[in-house]
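Enquirer: Pasting a structure below so you can have a look.
The values are calculated or read from the model by the stated rules, or taken from the named source; none is laboratory data. In this text, all values refer to a predicted model and were calculated from it rather than measured experimentally. Here Cβ is always computed from backbone atoms with ideal geometry, including for glycine, and neighbour counts include all displayed protein chains. Ligands, DNA and RNA are excluded from the accessible area calculation, which covers all protein heavy atoms including side chains. Shrake-Rupley method; radii C 1.70, N 1.55, O 1.52, S 1.80 Å.
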2 protein chains.
Amino acid sequence: MSTDRRPYRRETEESRREALIEAALDLVAEGGPQAATVRAIATRAGVTPGLIRHYFASKEELTRAAYRRLVQILTDDSARALRAAPASPTDRLASFVAASLSPPVVDPMRLGLWAGLLNTLRSDPEMRQIHEQGYHSYRDLLEGLIAALPRDAGPEQCRHDAIACNAVIDGLWLES
Amino acid sequence: MSTDRRPYRRETEESRREALIEAALDLVAEGGPQAATVRAIATRAGVTPGLIRHYFASKEELTRAAYRRLVQILTDDSARALRAAPASPTDRLASFVAASLSPPVVDPMRLGLWAGLLNTLRSDPEMRQIHEQGYHSYRDLLEGLIAALPRDAGPEQCRHDAIACNAVIDGLWLES
DNA sequence: TGCGTTGTCATACGGGTGGATAATTCGTGC
DNA sequence: GCACGAATTATCCACCCGTATGACAACGCA
């Protein structure tokens, strides 16, 4: 009479959280927020729905954790590209821009993710805060590179150029 | 005992359809597709839910009509900008690009719309077809303007430049 | 002014699904 | 082996979705 129970392995808290977060991001990227239900996330992560609330107080918290993770990935990718860049200021900027337009930064999945999360960002203040933090750190990176260029330009001008440059990058990023 | 019935006015078929479509677009822009429920659309349009199915066979049909309308708006705006443009090829291109980056083409609502509809576009083939038609007509417009420039460039080059130019425009558009 | 058409309202239904929970089981480290 | 807690299972409840239906009233026309 014993119903056969699904076999399972115990995992570390970190690996489980990671799997759940990744599953959530994948689902949002593919089908928008409405596709990222607790059941779908659990299935994708290879666990049962109940487990989600073992690691996250609510689905909302999981969503926020997922977005935090996404921002971190983007930030890390940018920073890594910069570390491997050449020494000349001009070349540094050029290679940084190039890196921002090639894999793994550019990825169709990321576009879907961004689009899917846009509405959520607008409504949830905490999400918005996470987002702005990441956005500013990227733009500041860009501004630093531009300020290091061998040319005559005040900080005001550099800031303005950084914003414009960022705009162009985002545009090319969209087209991929 | 008679429940007081909400007073109403009879409208033309066109104006009702228009109101429903606009309501649907607004809701998608604000809260994503999941916010555009039959009830919400009806409320926003100032009617009761039942009326939707008086004008559209199903909600899906309304959604498609709404998207068709959006594409038409974008196309019209582009064409209008071009009609008012100067004669010189270089100036024409410049003013067209400028128009693509100012109101009413640029609009935070449109960005939300685009983000919300991205997933829908991916899954619904008919939607995708509507989308590509609009996208191509815009890019062809751009390609025509570029081909008219006073310079030495083959058709292949013009096409390539049009795609790149479109990418940059989209990027600036995103930043608004 | 009265009548018929039909645009519009009101309400209900059947159901799918969403997030949450509580108790149970069994893998695992000691 | 024993105990702890990770993970499963089963279920809850509520909400909201899209659809269907029938009554009512606004407007055009005679």
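Enquirer: Nm distances between the label at B:E60 and the same-position labels in the remaining copies, 7 Å along Cα→Cβ, shortest first?
Expert: 3.4
Enquirer: With all protein chains present and a 1.4 Å probe, how do A:D76, A:D124 order by accessible area, largest first?
Expert: Working: A:D76 60, A:D124 20 Å².
Putting A:D76, A:D124 in descending order of accessible area: A:D76, A:D124.
Enquirer: Distances from B:H160 to the same residue in each other copy, label points 7 Å out along Cα→Cβ, in nm, shortest first?
Expert: Inter-copy label distances (nm, one decimal, shortest first): 3.3.
Enquirer: Still on this structure, I have one more. I need the inter-copy label distances for A:E13: point set 7 Å along Cα to C-beta, values in nm with one decimal, smallest first.
Expert: Nearest first, the other copies' label points are 6.4 nm away.
Enquirer: For A:157-167, what's the mean count of beta carbons from other chains sitting within 10 Å of each residue's beta carbon?
Expert: Values: counts 0, 0, 0, 0, 0, 0, 1, 3, 0, 3, 7.
The shielding value for this peptide is 1.
Enquirer: Roughly how many percent of the accessible protein surface of the range A:13-175 is carbon and sulfur, given a 1.4 Å probe and a whole-percent answer? Mind dumping the intermediate values first?
Expert: Values: 4660 of 8320 Å².
Taking all protein chains in place, the range A:13-175 shows 56 percent carbon and sulfur surface.
Enquirer: Related question: Just the number, please: buried accessible area between B and A, total of both chains, 1.4 angstrom probe, nearest 100 square angstrom. Before the final figure, lay out the partial values.
Expert: Numbers: alone 11040 and 11010 Å², together 20280 Å².
Between B and A, the summed buried area is about 1800 Å².
Enquirer: Could you tell me the calculated FRET efficiency between A:R39 and B:E156, based on Cβ-Cβ distance and R0 = 51 angstrom, to the nearest 0.05?
Expert: Values: r = 50 Å, r/R0 = 0.98.
After rounding to 0.05, the efficiency reads 0.55.
Enquirer: Moving on. Using a 1.4 angstrom probe, figure out how much accessible area the protein assembly as shown has per residue, in square angstrom, rounded to the nearest whole.
Expert: Details: 20280 Å² over 352 residues.
Using a 1.4 Å probe on heavy atoms only, each residue of the protein assembly as shown averages 58 Å².
Enquirer: Per residue of B:110-119, count partner chain C-beta atoms within 10 Å of its C-beta, then hand back the mean as an integer.
Expert: On the way: counts 0, 2, 4, 0, 3, 11, 6, 2, 7, 11.
Neighbouring Cβ atoms belonging to other protein chains average 5 per residue here.
Enquirer: Considering Cα pairs under 8 angstrom that are at least six residues apart, work out the relative contact order of the range B:13-175 and quote it in whole percent.
Expert: Working: 144 pairs, mean separation 38.8, N = 163.
The normalised contact order for the range B:13-175 reaches 24 percent.
Enquirer: How far, in nm, would the chain grow between B:R53 and B:M109 when pulled straight, counting 0.36 nm per residue and subtracting the alpha carbon separation? Numbers along the way, then the final one.
Expert: Working: separation 56, 0.36 × 56 = 20.16 nm, distance 2.62 nm.
The B:R53-B:M109 span can extend by a further 17.5 nm.
Enquirer: For the range A:24-54, state which residues have at least 30 Å² less accessible area in the presence of all protein chains than in their chain by itself, taking the probe as 1.4 Å and leaving out ligands, DNA and RNA.
Expert: At a threshold of 30 Å² (probe 1.4 Å), the residues of the range A:24-54 that become less exposed are A:Q34.
Enquirer: Separation of the range A:124-154 and the range B:11-87 by C-alpha centroid, Å?
Expert: 37 Å
Enquirer: When the distances between all Cα atoms of the range A:1-78 are binned every 10 Å from zero, what whole-number percent does each bin get?
Expert: 18, 50, 24, 7, 1, 0
Enquirer: For the protein assembly as shown, what is the largest minus smallest coordinate of the Cα atoms on each principal axis, given in angstrom and ordered from greatest to least?
Expert: Projected onto the principal axes, the Cα atoms of the protein assembly as shown cover 75, 64, 38 Å.
Enquirer: Which semi-axis lengths, in whole Å and largest first, follow from the square roots of five times the eigenvalues of the Cα gyration tensor of chain B?
Expert: On the way: eigenvalues 304, 53, 37 Å².
After scaling each eigenvalue by five and taking roots: 39, 16, 14 Å.
Enquirer: What nm value, rounded to one decimal, do you get for the distance between B:A148 and A:Q72 when each label is placed 7 Å out toward the C-beta?
Expert: 5.3 nm
Enquirer: Please give the solvent-accessible surface of B:Y55 in Å², to the nearest 10, using a probe radius of 1.4 Å with every protein chain present.
Expert: Near enough 40 Å² of accessible area.
Enquirer: Run the quick spin-label model on A:R139 and B:R80: label points 7 Å from Cα toward the beta carbon, then report their separation in nm to one decimal.
Expert: So the label points at A:R139 and B:R80 sit 3.0 nm apart.
Enquirer: Now, a different point. Placing unit charges on C-beta atoms (Lys and Arg positive, Asp and Glu negative, everything else neutral), compute the dipole magnitude of chain A about its Cα centre in debye, rounded to 20.
Expert: Working: 22 positive and 24 negative charges, 153 e Å.
With only Lys, Arg, Asp and Glu charged at Cβ, the dipole is about 740 debye.
Enquirer: Can I ask one more? Just counting partner chain Cβ atoms within 10 Å, what average do the residues of peptide B:122-134 show around their Cβ?
Expert: Details: counts 5, 4, 0, 0, 0, 0, 0, 0, 0, 0, 0, 0, 0.
The per-residue average across the peptide is 1.
Enquirer: Beta carbons within 10 angstrom, averaged per residue: use that to sort the peptides B:34-45, A:23-34, highest first. The partial results should precede the final answer.
Expert: On the way: B:34-45: 17.7, A:23-34: 22.2.
Output ranking for B:34-45, A:23-34: A:23-34, B:34-45.
Enquirer: Where does chain A land at 222 nm, in deg cm²/dmol rounded to the nearest 500, when only DSSP H runs of n ≥ 4 count, each adding -39500 (n - 2.57), divided by all residues? Please list the in-between numbers first.
Expert: On the way: 8 runs with 127 residues, N = 176.
The helix contribution divided over chain A gives -24000 deg cm²/dmol.
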